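K.L.:
I'd like to ask some things about the structure below.
Just so you know, all these numbers are worked out from the coordinates, no wet-lab data involved. Bear in mind that the values here come from a model prediction, so they are computed numbers and not experimental data. For neighbour counting, all protein chains shown are included, and Cβ atoms are generated from backbone atoms with ideal geometry for every residue, glycine included.
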Amino acid sequence: MQLYIADAFTKICPDGTAIGGDVCLDDVTVECEPLRGEGGKVADIETWRAGFLRAPSEPSTGWQPARWVSDPLFPMAPFRVVHRDYQPVWINVRIPRGVAGEFRGVCRVRARGQEPVEVPVTLRAWGFDLPERETLHNFFDFAIGDYSGGFQRLYGPVDGAGFPAFRRFMRYLRDHGINGLFYNHPLVSSGLLTYDEVDGHFRADLRRIGPVLDLLRELGFAFNHWPAPVWPTHQIFFDIYTTFAPFRELGADVYADPRFNRALLEVGEALAKAVEHEGFAYLYDEPHLPWHGDQLAALSREFRARCPRSRQMTAIGQPEMIARVLDEDLPVDIIVGHLSFYRPELHRRIVASGREFWWYTSNWPSSHLSFWLDEPMLHHRLLYWLTWRYGVPSFGYWNTSVWNYREYGYENVDTGRRLEWPYSNWNVTPTEAWGHGNADGQLLFPGPDGPVGTLRCEAIRHGVQDHAYLTLLSAAAEYNDACRGLERTVRRGIGTLQRPTRRPDTLAGLRERIGEALERVDAGR
């Protein structure tokens, strides 16, 4: 929920222009009391002040030109609102499980020299609980290496001074329903995973990764990706995966080198066997050229022979490469297709083969549906509705923390209304290497000692909760005629991947109807 604090003296003229007054709102505070429900139950409230980022224009996206966009969420503190301006305040409400009925409370807005304003808040808790575990697997990433995120340069080594910050980032992601280990950055990009070559074989040293693995188990991540993937571009591969930096001197010939491929397989084998029952073997990323397919085939077959219990996963954008995997019956258990190239016939063929089909979005989103700063929050949430509509059990995005700057000093926040370092130089401008939308791959930002959350992450958490609603509706539709009819209505209302709804009130109305239907079903049991 958002609350907007605007200059009370601003007037809108008939021609649409704004005339600001001479008085600003100073020392503005927002205090929300806990909401109280039936039987003395209390729902806690968190308030956050939304900051602004300057989103440069990006002609290739078709979105509007450079402008200020609210996204980062800062702890509540007194703030100032100048004339012709506004200040969003984000409010989270955490309602206890097993509680139904109305919750009521008040948010009070105060400013120096102004009369306090009380904003009543009323929420209704449905008579059912969402599942405690997410109904949708997800696979995002959290960048560690200096090339892509600079985490260790900011906070220190992951197995040393940087570990407390790493733990805070992981907990933040987990709280928002995000599993942040798509490309396995915390292990192969951090220097924690090492190996020695002895008599032509590569022996992995896993001792330094223990605390990281223990943290991930503690947080209860649904799954993680363990072996290092092979990136088709060797320059990026070596920049990101520092574990294999000794092979950099081979240049573009590295993938044809038997010694390098043996290192990949033997290090991956040691890691997979250490956590075989917990993880997935992610062997290749977006193969699209014929020789990529040749290497994927060789690696997947050899890895299956070495680790027959490990499930293999490959993200593939091009439909033709997916067809090759199926035609050659490669031992790839999970095929992850890109939203932009979704083909229903391939989806059906993958499932018929006994494999799983997942999908992801990245630098080039389908129908402009991704997590870019340029997009409305509706898009971030709608992705989860579409994932349910198409029956896809898992959804991914390429990164959460590719902050993509080597040096600091980029003034990205208006000094007249925002903070000094570290908030003044977050560079959300896309680079040639990292995509085509502002803040692509940046779902949260680095604060002094841990994460600064974002409105986009809040939209993702809502999307995760929406998916739970929809999953419960599908389960009820199997035996309840009213829910079966509503499920068909919801599918039509969402639209398709190519033509999804663009109306927030559509999703809000459908969610309300789903809640009412599920409450009736629960009451009738």
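K.L.:
Between segment 139-175 and segment 94-133, what is the separation of their alpha carbon centroids in Å?
P.N.:
Rounded to whole Å, the Cα centres lie 33 Å apart.
K.L.:
Hull surface divided by four, with the convex hull built on the Cα atoms of segment 92-163: how many nm²? The partial results should precede the final answer.
P.N.:
Working: hull surface 40.6 nm².
Projected area, direction-averaged: 10.1 nm².
K.L.:
Something else about it: If you line up the long axis of helix 163-175 against the longest principal axis of the chain, both from Cα atoms, how many degrees apart are they, to the nearest 10?
P.N.:
Tilt relative to the chain: about 70 degrees.
K.L.:
In terms of the Cα gyration tensor, with a ≥ b ≥ c the square roots of its eigenvalues, is segment 146-265 rounded because a/c is under 1.5, prolate because a/b exceeds b/c, or oblate?
P.N.:
Cα axes put segment 146-265 in the prolate bin.
K.L.:
Beyond 22 Å, how much of the Cα-Cα pair distribution for segment 227-324 remains, as a whole percent?
P.N.:
On the way: 1242 of 4753 pairs.
The share of Cα pairs beyond 22 Å in segment 227-324 comes to 26 percent.
K.L.:
Taking K and R as +1 and D and E as -1, what net charge do the other residues with C-beta under 11 Å from the C-beta of residue 504 add up to?
P.N.:
Details: positive: 381, 502, 503, 511; negative: 505.
Local charge sum for residue 504: +3.
K.L.:
By how many nm would the segment from residue 276 to residue 207 grow when fully extended, if each residue of separation counts as 0.36 nm and the alpha-carbon distance is taken off?
P.N.:
23.2 nm
K.L.:
Going by a ≥ b ≥ c, the root eigenvalues of the Cα gyration tensor, does segment 301-388 fall in the rounded group (a/c under 1.5), the prolate group (a/b larger than b/c) or the oblate group?
P.N.:
Taking the square roots of the gyration eigenvalues as a ≥ b ≥ c, segment 301-388 is prolate.
K.L.:
Next question. Just to confirm my numbers, what's the Cα centroid distance between segment 34-54 and segment 239-284 in Å?
P.N.:
For segment 34-54 versus segment 239-284, the Cα centre distance is 46 Å.
K.L.:
How far is helix 377-389 tilted, in degrees, relative to the longest principal axis of the Cα atoms in the chain, given as a value from 0 to 90 rounded to the nearest 10?
P.N.:
60
K.L.:
Can you give me the angle between helix 210-219 and the longest principal axis of the chain, using Cα atoms only, in degrees from 0 to 90, rounded to the nearest 10?
P.N.:
Result, in degrees: 40.
K.L.:
Right, here's the next one. Quick check on the chain: helices-only [θ] at 222 nm, where DSSP H runs of length 4 and up contribute -39,500 (n - 2.57) each and the sum goes over total residues. Nearest 500, please. Present the calculation step by step, with values, prior to reporting the outcome.
P.N.:
Numbers: 13 runs with 161 residues, N = 525.
The helix-only estimate for the chain comes to -9500 deg cm²/dmol at 222 nm.
K.L.:
Another question about this same structure. Using only alpha-carbon positions, what ratio does the radius of gyration of segment 432-525 give when scaled by 2.2 N^0.38 Å?
P.N.:
Details: Rg = 17.7 Å, N = 94, 2.2 N^0.38 = 12.4 Å.
Cα Rg divided by the expected 2.2 N^0.38 Å: 1.43.
K.L.:
What net charge is computed for the residues neighbouring residue 141, neighbours being all others with C-beta under 13 Å from the C-beta of residue 141, Lys and Arg scored +1, Asp and Glu -1? Write down the numbers at each step before the final one.
P.N.:
Numbers: positive: none; negative: 285, 440.
So the environment of residue 141 carries a net charge of -2.
K.L.:
Still on this structure: Enter the mean projected area of the convex hull around the alpha-carbon atoms of the chain, in nm², rounded to one decimal.
P.N.:
On the way: hull surface 109.1 nm².
The orientation-averaged projected area of the Cα hull of the chain comes to 27.3 nm².
K.L.:
Further question: In a shell of Cβ-Cβ distance under 11 Å around residue 457, excluding residue 457 itself, what net charge do Lys and Arg (+1) and Asp and Glu (-1) give?
P.N.:
-1
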